[in-house]
1. Quickly estimate the mean residue ellipticity at 222 nm for the chain, helices only: each DSSP H run with n ≥ 4 gives -39500 (n - 2.57), and the total goes over all residues, rounded to 500.
2. Treating the angle as unsigned and between 0 and 90°, give the value, to the nearest 10°, between the Cα long axis of helix 13-29 and the longest Cα principal axis of the chain.
3. Take region 263-313, drop everything but the C-alpha atoms, weight them equally and run the Debye formula without solvent; then report log10 I(q)/I(0) at 0.21, 0.25, 0.27, 0.28 Å⁻¹ to two decimals.
4. Relative contact order of the chain, please, whole-number percent, based on alpha carbon pairs below 8 angstrom and at least 6 residues apart.
5. With no solvent and one equal point scatterer per Cα, compute the Debye intensity ratio I(q)/I(0) for region 504-554 at 0.21, 0.28 Å⁻¹ and report its log10, rounded to two decimals.
6. Kindly work out what percent of the DSSP beta bridges joining two residues of the chain are antiparallel, to the nearest 5.
7. Tilt of helix 227-238 relative to the longest C-alpha principal axis of the chain, in degrees (0 to 90, nearest 10)?
8. With just the Cα atoms defining each centre, how far is region 207-241 from region 379-413? Give it in Å.
Amino acid sequence: MPAPSFSMTGSPRWRRALGAGLCAAALLLAGCTGSVGAPDEGDGPLPAGAAGAQVEGRSMFPRLSHAQWENTVRDLLRLDDRPGLSASFTTDPLGGVFDNNEAALLVTPGLWGDYQLAAEELAAMVTADEGKLDRIVPADLPAGPEARAQAFIERFGERAFRRPLTDDERDTYLALFHRGKELFDGEDPFVAGVRAALGAFLQSPHFVYRVEIGAGPAKGGLIPLSGHEIATKLSYLFWNTMPSDELLAAANAGELSTSEAVRATAEGMLEDPRARDVVGAFHRQLYDYEQYHDLNKDQGLYPEFVPEMGDDMQREAELFVEHIVFDKEGGLTDLLTSRAAFVNDHLAAIYGIEGDFSSEFEQVELGEAERSGLLTRLGFLASKATARQPDSIHRGVFVNLRILCAALPPPPDDATGLPPGEKATNRERVEAHTGKGTCGEACHGTMINPAGFAFEHYDAIGRYRTTDNGVPVNAADVYRLGGEPRSYADAIEFSQLLAESSEAHACYARRWVEFAHGREVGAKDRELIQELGEASRGGASTKDLILQVVSSTSFLARVPAEAR
């Protein structure tokens, strides 16, 4: 991971002073010398029998995503809302399925400049408002100027860095605090010191990155993470923000010293409403809710489809996942087979549900002959469709990639769209273009098309149909699962087969490992993924899977850099 550039651009005196105070930290993060921070004493919470072979190498310095930065600034400064400054930052790239992939979250020179400007703006904003300043300056600070300054640096610094400051860090920031009265003429000396310190803390690499050095020397080829590092990792996984004061206190008290204690803490964190948002974000990215918006449908064929239905379909999907994971305490099997749904007047009309509905969402039960789980819901079906027809190919690709984690090659450069066929069914057009006897037979004929054809009963807006172009719909096919060809008559049976398959559960487990670690999976993750997949297939809930991930060796330790 490239270290950020810490050259101080611009002319303000305080920016030059800040640069001198942070050069050492920049060099440490670049791997030039020494160790970073103050690792906790003790053995760390490694499960018995943990070995280095179980842990995939990862960055010791994953950067905060822009969403995490916004949440962290809000909570660190105890603001009412996210400041919104990241809207002008260099855009976070998407590295894979999830937006927290460490491989994509680099600090470019442009982004580093964004961090500098934001730090200065936030420091000025907070110290110019007495009410905001009082929120971050504890009322019980000592009375003497020197003791008061030191206590502020230590307490705020612990929250900013998500761990206690070292003595050297405390002295460096305290010296900068005392220079505040020179850098900001005319301001109260304490306020000026706070402003200088805030600007420094907010652009420190220890704030921008989630530093994972570890606690003590390697044991059995692994370095256990410190209690503060685990608290930070848990907090960004479950809440997408910095640890709370209570979580930092638990780390200080050594209450995250065993895998059992970590699991118990995680169970409590899952009960926080913020966990619902993060679990929702996982499924939103995995199942591509963004594609539910800006859909173009032929108004002559589908006059009931209105632009705001993209928001409706996303909200339906969010409520469905929240119901399964948190209310029902279910897992992937329920996500693929449950007929519980949440509809308003727009969605109820397309589902064909009778009754009086409004713009508010109500829970209903969909018909067992027509719907089964998330793959038969309007969002997925309408987003994987053209303006006039179902898109069997993209429906099949989605199932292969996002539900089964199948290895599909990219489409060839000369791939073309389906030719017109006014008298043919949608399935006949797809088969003629990509099925047996065509150049696309290898992937389409055995993987993509069979998975996509299961959804032929659903038109371009996801409405159920029994005929296509005057011909009875044919949604039957065969897909290989568990090493055996499995036949099905329609999407209901196909969803059930997916829910029973080891492939779907292993894929869901793999995605949680990716999301929890913020990186792509590797060979050393296979054992954990297999265990999670088997547990999921056996009925373990999504919550159970998450708790198993955070109490695993791979979450609680890292491999030494020289062993990667």
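1. After summing the helix terms and dividing by the residues of the chain, the value is -13500 deg cm²/dmol.
2. 60 degrees
3. Log-scaled intensity ratios, in q order: -0.80, -0.93, -0.99, -1.02.
4. 17 percent
5. Log-scaled intensity ratios, in q order: -0.62, -1.14.
6. Approximately 100 percent, going by the DSSP bridge assignments.
7. On a 0 to 90 degree scale, this one is about 40.
8. Region 207-241 and region 379-413 have Cα centres separated by 38 Å.
Bear in mind that the values in this text are calculations on the coordinates, not laboratory data. Treat the numbers as computed from the prediction; the structure is a model and nothing was measured. Counting neighbours? That spans all protein chains shown, and the Cβs are built from the backbone with ideal geometry, glycine included.
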